Structure formats: C-alpha cells, structure tokens
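The structure under discussion appears below in the form of structure tokens.
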Amino acid sequence: MSITKEQVLQALSNVEEPDLKKDLVTLNMIEDIVIDGNNLSFSVILTTPACPLKALIENACRNAIGHFISKDIVVTVNMTSRVTTQKNTGVPGVKNIIAVASGKGGVGKSTVAVNLALGLAISGAKVGLIDADIYGPSIPIMFGLEGAKPMATNVNGKTRIEPIEKYGIKLLSIGFFTDPNQPVPWRGPMVSTAVKQLFNDADWGELDYLVVDLPPGTGDIHITITQTFPVTGAVIVTTPQAVALADAKKGIGMFLMESINVPLLGIVENMAYFTPAELPENKYYIFGQGGGKKLAEQLEVPFLGEIPLIKGISDSGDAGKPIVLNDEHELMVNAFTEMANRVAQQISINNARGLSADIVNN
C-alpha cells in the first residue's frame, strides 16, 4: 500500500502528550518522517530525555499507525529529546536552573541534589552542579574531589573557570577554592560575589539542567541567586517529622514571595523510612510517615517521591561515588532515578505553560 506523510501526521495527531494535554503533531514533536514502501520511520522529540512516559508515548504512536493506517506497516520510532527552556537563565548555554533547598540542615539536601543531578545525566541530559553552600560545601567529598582545583582559561581577555567533570556532569564548588580545614567567615556582600562568580565566571558550555545545592535556611545566597538568575524551579527537601516540615514551609514561603517568585517543582521526602539490607521488603517509619506527601497535598504542589534511609547512602557519599551510580543498591537507584524523572517532567510542564502564556500575552 502507498503511505503518505499526511496520513502519518493525521494518525499521530491522535496521540496526546499526557503531561502537556495536546497532540504530538500540534506540539511539533514529530520529525524526520521517512517512508520506504511498507516501512515507516519517524522521530518523536520529547521535552526531556528523562521523560517517565517515554514507553507509553512510543506504544501510543505504534498503535495509532496500526489503527488509522494499517497494521501491516513496519514502524520504527526514534525516541529522542530536545530539552525545553522558558526564558534566558542569565547563564550562557544553560537552559534550566534547578534550586535544591531545605528549611533546615540535616535533611540530606546535598545528597538529594547530587543524586538528582546524576539521575538527570544518566537519562542522557547535559547536567551541571553548583555547590552554593558557602559555609559547608560537601560536593568535593561526595565526588571524591578533595583538593581538586579547577583550571582557568583566558577568553577574550577575561578569565573563565573550567568546571571539573566527573561521572558525566560538570561541577563547581566553593570548596574547590577554600581551605577545607578553615572556616569561611565572610560577610553577606562577599558571599554574594563569590556565588555569582560560580555562575558568571565559569565556562559551563551547553547544559540542559544546572542543579544548585543551596545552603539550609533562607539567607543571602538564596536571595542573591533567585534575584540575579531566572531560576526555572525549586525542589524542597524535607524529612517526615513535624519540626522539619515546619522549616520546609518557611523555605517554600521564601520562594513564593513576590520579590522572588520561583515556581515549586515539588517536595522530596528524604529518610522517609528505614529498610534493612537483609529485609528489603520491610519499611520502618522511624521519623513518622507521610509528612512530606501531606505537605505537598496541602500546598497543591507535586510530590516528587520518598527516599529511603539506608546505610549505603552515607557510605557511597563518603567513598566519593554517589549511590545512584551503584547498581548493587537497586532500591536507591530506582528511588533517585524516579525522582529525577519527575523533576524533569515538572520542568517540561512548567516551561510549556510559560511559553503558552508568552504567546497569549504577545
């Protein structure tokens, strides 16, 4: 039978992108249609390589061709991606800035930030990570880079910092530039200047996502970053108990302030339950149960997932190889990978809404 490009597009116009609620053709997600007799191939351009609905969309495309054209067609679907961006982030080449924050210390925020960045990179995205916790930088330890010093190059008379690359992502930490055995007694203006340099004076290249590990609380660094750079969205990290949730609400309140106005991508509940290695099916809710999920429901923001508490997390961080890279900890790999996929999913949804709003306003 003879197949036309118009028939293919008409068939695929019946496939809806589940998150964006529009069909793939309207969203310009179908490209490279090639017809060779009874053989058909085309590309589906997803909004992120970390799309958790990739298999569902591919299957829907195959079914649409079979139902609306012919079941005898041999279909090849190339699932690829082009990460969206809503606005100029202020950092050349960077499409999206993700702030990872917590209202208080000790909730595992840096662990979540590190494994989020790596989870996005594992999916195929180009990722960078900034350790903006001036007073307690932990990224050098968690990546096994204690004592590492970034290289500097001269570009058009201006010094540019070269981020250190490891495990497929680009890294910068204030810990690369300070003595790890000495405190950093800096006043607000010095802190703000140092943080801006991690963004402005670095050669980040082309990045889909730049993850920023913020210090605990709500202080100078948070205000500097959110008011200087258009942050795509914030991920809030908490633990289940009431005292952590109370502080998380304060952190959320800061991002929602009119002068800051950063969208919330969602809430991650870290240390949600303890699962012993010898009893992987058991869950012990040491710090209470479901606090993060309830908070997300109250605020009507996405719940990005529960991260279990196991000894392997701290061991992996201390060893310089974050746990999402360790296939022996399947439970943790799945938890962090699913969280990263949900974060990417929310960014795609928010970017689509923002672009639609810009079209309407213009």
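The values are calculated or read from the model by the stated rules, or taken from the named source; none is laboratory data. What you see is a predicted model; the values in this text were computed from it and never measured. No Cβ is skipped: glycine too gets one built from the backbone with ideal geometry, and neighbour counts run over all protein chains shown. Heads up: the accessible areas ignore ligands, DNA and RNA and are worked out on the full protein's heavy atoms, side chains in. Shrake-Rupley method; radii C 1.70, N 1.55, O 1.52, S 1.80 Å.
Antiparallel as a % of all DSSP beta bridges within the range 74-216, to the nearest 5? Please report the intermediate quantities before stating the final value.
Values: 8 of 24 bridges.
The answer is about 35 percent antiparallel.
Per q in 0.28 1/Å, what log10 I(q)/I(0) does a Debye calculation on the alpha-carbon atoms of the range 226-287 return? Taken in order of the listed q values, log10 I(q)/I(0) reads -1.13. Restricting the GluC sites (Glu not before Pro) of the range 281-350 to loop positions (DSSP other than H, G, I, E, B) with no more than 12 neighbouring Cβ atoms within 10 Å leaves GLU281, GLU300, GLU328. For the chain, what does -39500 (n - 2.57) per DSSP helix run (n ≥ 4), summed and divided by total residues, give at 222 nm, in deg cm²/dmol to the nearest 500? Theoretical 222 nm ellipticity from helices: -11000 deg cm²/dmol.
Just reorder SER13, SER314 by solvent-accessible area, largest first, 1.4 Å probe, all chains present. Please list the in-between numbers first.
Numbers: SER13 40, SER314 65 Å².
My answer, sorted largest first, is SER314, SER13.
In order along the range 278-294, the phi-based Karplus estimate (6.51 cos²θ - 1.76 cosθ + 1.60, θ = phi - 60°) of 3J(HN,Hα) comes to 7, 10, x, 8, 8, 10, 10, 8, 5, 9, x, 10, x, x, x, 5, 5 Hz; Gly and Pro are listed as x. Shape annotation for the range 175-240: C-alpha extents along the principal axes are 38, 33, 22 Å, from largest to smallest.
Between the amide H of VAL83 and any residue lying 5 or more places away or on another chain, no distance stays under 5 Å, with hydrogens modeled in the peptide plane. Equivalent ellipsoid of the range 230-332: semi-axes from √(5λ) of the C-alpha gyration tensor, largest first, are 28, 17, 11 Å.
Identify, among PRO240, ALA101, ILE347, the residue whose Cα sits farthest towards the positive end of the charge dipole of the chain, taking +1 on the Cβ of Lys and Arg and -1 on the Cβ of Asp and Glu, with the dipole about the Cα centre. Positive-end residue among those listed: ALA101.
For the chain, the dipole from Cβ point charges (+1 on Lys and Arg, -1 on Asp and Glu) about the Cα centre works out to 680 debye, to the nearest 20. What the chain shows is 46 Å² of accessible area per residue, with the surface traced by a 1.4 Å probe over protein heavy atoms. Sorted from greatest to least, the principal axis extents spanned by the alpha carbons of the range 71-128 come out as 59, 27, 16 Å. Taking θ as phi - 60° and the Karplus parameters 6.51, -1.76 and 1.60, the scalar couplings of the range 239-251 work out to 10, x, 6, 4, 5, 6, 5, 4, 6, 4, 4, 5, x Hz in sequence order, x denoting glycine and proline. Given a cut-off of 18 Å, name the pairs among LYS21/LYS54; LYS5/LYS54; LYS170/LYS311; LYS249/LYS294 whose C-alpha atoms lie farther apart than that in the structure shown. Among LYS21/LYS54; LYS5/LYS54; LYS170/LYS311; LYS249/LYS294, the Cα-Cα distance tops 18 Å for LYS5/LYS54; LYS170/LYS311. For the range 322-337, 3J(HN,Hα) computed residue by residue from phi via the Karplus equation (6.51, -1.76, 1.60; θ = phi - 60°) reads x, 5, 5, 8, 9, 5, 6, 9, 4, 4, 6, 4, 5, 4, 6, 5 Hz, glycine and proline entered as x.
From the Kirkwood radius over Cα pairs of the range 6-143, Stokes-Einstein at 20 °C and 1.002 mPa s returns a whole-number translational diffusion coefficient of 121 µm²/s. Kirkwood hydrodynamic radius of the chain, from the reciprocal of the average inverse Cα-Cα distance over all distinct pairs: 21.9 Å.
Expressed as a whole percent, the proportion of Cα-Cα pairs in the range 29-86 lying more than 18 Å apart is 35%.
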